[in-house]
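The values are calculated or read from the model by the stated rules, or taken from the named source; none is laboratory data. A quick note: this is a predicted structure, and the numbers were derived from the prediction, not measured. Here the Cβ positions follow ideal geometry from the backbone for every residue, glycine too, while neighbour counts run over all protein chains shown. These area figures cover heavy atoms from the full protein model, side chains too; ligands, DNA and RNA do not enter into them. Shrake-Rupley method; radii C 1.70, N 1.55, O 1.52, S 1.80 Å.
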Amino acid sequence: MITGRMDQNFGKSFGRAGRSGAGRDRMTARPHQQDLAASEALAHPGLAARVAAAAVICDVVQGGHALDERFAAEATPSRVSGLDERDRGLARSIATVAIRRLGTIRLALSQLVEKGLPRNCGPLEWILIAASAQILFLDTPDHAAVDLAVRATRLDAKSTPFANLVNGVLRNLIRRRDEFLSQSDSLEDDTPHWLSARWRRIYGEERAHSIAQANRDEPTLDLTVKADPESWAEKLGGRVLPTGSVRLQTHAPIRELEGYNEGSWWVQDASAALPARLLDAQPGQRVLDLCAAPGGKTAQLALTGAHVTALDRSAERLKVLSANLERLKLEAVIAVGDAASFRAEPFDAILVDAPCSATGTARRCPDVVWTKKPGDVSALAAIQTRILDRALSLLNPGGRLVYCTCSLEPEEGEAQIGALLRRNPDIVRERIDPGLLGLPAEAATPEGDLRLLPYFLPHEDPRQRGLDGFFIARLKRVN
Ligand SMILES: C[S@@+](CC[C@H](N)C(=O)[O-])C[C@H]1O[C@@H](n2cnc3c(N)ncnc32)[C@H](O)[C@@H]1O
C-alpha cells in the first residue's frame with residue numbers, strides 16, 4: 001500500500017495542491033529576484049530559469065493562477081522578465097511538466113522527506129518540485145538539476161539553511177527514480193482527488209484512467225486551415241487528421257511557419273474545430289458567436305461568408321480576436337458584453353462556446369485541474385444555463401444552435417442540454433453522427449450529442465495522439 005498520495009499532506013508545510021492560500025507570500029521577493037536576474041544568472045547559466053520556474057509553480061499551485069497567464073508578457077509580478085528566450089522556454093518546460101506531474105512529484109518527495117518540510121523555509125518546496133520535475137521528466141543532467149536547486153536554495157534567507165537537505169533529497173530521488181516512476185498512477189497521483197473520484201463515477205474505472213493517462217501527454221499543435229488541408233500538411237510537415245485539422249510534427253515557433261503571415265491557417269485543437277462546422281453557417285446568414293474570444297470559432301464562421309457577430313465579456317480577449325481576424329483577413333462585428341443579457345435582432349444560427357471548468361483541456365493546460373475546485377462546476381453550470389436561455393431568445397424559428405464546452409463534467413454538457421430541452425418544447429436536438437466527422441462511434445452519447453474524450457485518436461507517438469475533451473450538442477428551433 002503506497003502512502004503519501006496527493007490527498008495526504010506532503011509534510012506539514014507542503015500542503016495540498018490547490019488554493020490553500022497558506023504560504024502565499026513565498027516566492028514573492030521581487031527585489032531579490034531582480035538582483036538574481038542581474039547578477040547570479042550571469043554567473044550560473046540556467047539558475048534564473050530554475051528560480052522563475054519555481055516561482056511560477058508556486059503562483060499556480062498556491063495562488064490559483066493560470067500557467068499561460070504567468071508567462072504572458074503583461075503578467076505582474078513577472079517571474080520571467082530579464083530572462084532570454086531560451087531561459088523563458090526552459091522555465092516554461094520545467095513549470096509545465098512540474099504541474100502536469102505534480103502528484104507524482106509530491107508523492108516521491110513525501111517519501112523522501114518523511115517528516116515534511118520545516119516551517120518558514122521560504123521557497124524550498126517549489127525549488128524541490130522544480131528540481132524533481134527536471135530529474136524525473138526532463139533531460140536535464142542530474143548534477144545540473146541538483147547543483148542549481150542548491151544554488152537557488154541559497155538565494156533566499158529562509159531556505160538557505162536547508163541547502164544540504166535539498167542536496168540529499170534530490171540525490172535520493174535520483175537513486176530511487178525508477179521506483180517512483182513505476183509506482184506512479186495517472187489517476188491516483190496526477191489527478192486531484194475530487195476530480196479522479198468524479199471521473200470514476202461518471203466514466204468508470206477504465207475510461208477515467210484513460211483520460212488521466214492522456215493528460216500526461218504533451219500534445220503538438222493542431223491547425224485549422226482555410227482551404228486544402230492536404231497541401232498544408234505536406235508543406236508544414238504535418239498530417240491531416242480524420243476530423244480535418246492539420247496536426248503538426250514540428251517544434252518550430254508558430255510565427256515562423258509558412259502561411260502564418262498570410263493568414264492561411266490558425267492554431268485550434270481538433271475538437272475545438274468541430275462545433276463551428278456543426279453549425280453549418282451559410283453565406284449571408286446572420287450568425288452569433290457568443291463567448292467568442294480569442295476567436296478560433298469566429299474565424300471558422302466568418303470563413304463561411306456568414307455575417308458574424310462575435311460577442312465576449314472580455315475586452316482584452318476581444319483585442320486578441322480582432323488581431324487574429326485581421327491576420328486571417330476575415331471580418332466580424334465585434335461586441336463587448338454579457339452573453340446572459342445581450343440584446344439584438346434574432347439570428348439564423350448561434351454558437352455558444354460557454355465559459356466552463358475546462359477539465360477537458362488538461363493535456364494542453366495541465367494547471368486547469370489544480371486551479372479548479374469542486375464548486376466551480378456548479379457555479380459555471382448556472383452561468384451556462386443563463387447564457388443558453390438568452391441565446392435561445394435570440395434564435396430565429398428554424399434556426400440552429402450549437403452548444404459546446406471543453407469540460408468533461410456532465411453538469412456542463414449532457415445535463416445542461418437535457419434540462420434545456422425539458423424547459424423548451426420548441427427546441428429539438430439534431431443528432432450528430434461522429435462517423436461523418438472522422439470520430440469513433442463511442443464519441444456519440446445515447447441521446448445523439450458528442451462527448452469527446454482526451455484519449456480519442458490514438459497514435460504511437462504521445463505528442464500525436466488525443467484531442468481536447470469536449471461536449472457538443474446541436475439544437476434547432478422548430479418552425
Ligand atoms: C471557451 S472561451 C471561448 C473560446 C472561443 N469561442 C474560441 O473558439 O476561441 C470562453 C469565453 O467566454 C467568455 N465569457 C465568459 N463569461 C461570459 C459572459 N457572461 N458573456 C460573454 N462572454 C463570456 C470568456 O471571456 C472567454 O473568452
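Descriptive notes on the structure:
- The residue list 388, 103, 182 was ranked by how far each Cα lies along the charge dipole of the chain toward its positive end, using unit charges on Cβ atoms, and 103 comes out on top.
- Qualifying GluC sites (Glu not before Pro) for region 100-193 [loop in DSSP, other Cβ within 10 Å: at most 13]: 114
- Degrees between helix 102-112 axis and first principal axis of the chain (Cα, 0 to 90, nearest 10): 20 degrees
- Region 114-219: relative contact order in percent, alpha carbon pairs under 8 Å with at least 6 residues between: 21 percent
- Sulfur and carbon atoms: percent of accessible area, the chain [1.4 Å]: 51 percent
- Mean Cβ count within 10 Å, highest first, over the residues of peptides 285-296, 67-78: 285-296, 67-78
- For region 262-316 versus region 144-159, the inter-centroid distance based on Cα atoms is 48 Å.
- Full-extension gain in nm, residue 167 to residue 345, via 0.36 nm per residue minus C-alpha separation: 57.5 nm
- Cα shape, region 195-345, gyration tensor, a/c 1.5 rule: oblate
- Label point distance in nm, residue 72-residue 323, each placed 7 Å from Cα along Cα→Cβ: 1.1 nm
- Amide H within-cut-off set for residue 456, under 5 Å, with H built and near neighbours excluded: 467
- Cross-link partners for residue 235 among the aspartates and glutamates, with Cα-Cα distance under 16 Å and sequence neighbours closer than 8 places in the same chain left out: 222, 256, 258, 262.
- Euclidean distance between Cα centres, region 437-479 to region 46-65, Å: 34 Å
- Highest mean packing first, where packing is the average number of other Cβ atoms within 10 Å per residue, the peptides 374-386, 209-221, 357-369 line up as 357-369, 209-221, 374-386.
- Backbone geometry of region 146-153 corresponds, through the Karplus equation with coefficients 6.51, -1.76 and 1.60 at θ = phi - 60°, to 3J(HN,Hα) couplings of 5, 4, 6, 5, 5, 4, 4, 4 Hz, x marking Gly and Pro.
- Per-residue Karplus couplings for region 55-60, computed as 6.51 cos²θ - 1.76 cosθ + 1.60 with θ equal to phi - 60°, are listed in order as 5, 5, 4, 4, 4, 6 Hz, Gly and Pro entered as x.
- The mean sequence distance of close C-alpha pairs (under 8 Å, at least 6 residues apart), as a share of the length of the chain, puts its relative contact order at 13 percent.
- Listed pairs 115/372; 158/372; 115/158; 297/476; 226/373 exceeding 26 Å between Cα atoms: 115/372; 158/372; 226/373
- For region 320-429, dividing the convex hull volume of the Cα atoms by the residue count gives 133 Å³ per residue.
- Charge-dipole axis of the chain as Lys and Arg at +1 and Asp and Glu at -1 on Cβ define it, positive-most pick from 124, 445, 143: 124
- Nearest 10 degrees, 0 to 90: helix 315-328 Cα axis against the chain principal axis: 70 degrees
- A 1.4 Å probe run over the protein chains yields, for region 188-323, 43 Å² of accessible area per residue, whole-number rounding.
- A dipole drawn for region 316-455 from +1 and -1 charges on Cβ atoms has a positive end, and of 416, 428, 328 the residue lying farthest that way is 328.
- Extension gain (nm, one decimal) between residue 431 and residue 194, 0.36 nm per residue minus Cα-Cα: 82.1 nm
- 0 to 90° range, to nearest 10: angle between helix 85-100 axis and the chain longest Cα axis: 80 degrees
- Heavy-atom accessible area ranking, 1.4 Å probe, most first, across 372, 476, 115: 115, 476, 372
- Each label point was placed 7 Å from the Cα along the Cα-to-Cβ direction; for residue 205 and residue 447 their separation is 2.9 nm.
- Once you reduce region 364-388 and region 182-229 to the center of their Cα atoms, the two points are 17 Å from each other.
- Theoretical ellipticity at 222 nm over the chain - DSSP helices of four or more residues, -39500 (n - 2.57) apiece, nearest 500: -12500 deg cm²/dmol
- Given a 1.4 Å probe and the protein chains as shown, residue 93 ends up with an accessible area of around 50 Å².
- Check: region 119-255 dipole with +1 on Lys, Arg Cβ and -1 on Asp, Glu Cβ, in debye: 420 debye
- Cβ charges +1 (Lys, Arg) and -1 (Asp, Glu), total dipole of the chain, debye: 1100 debye
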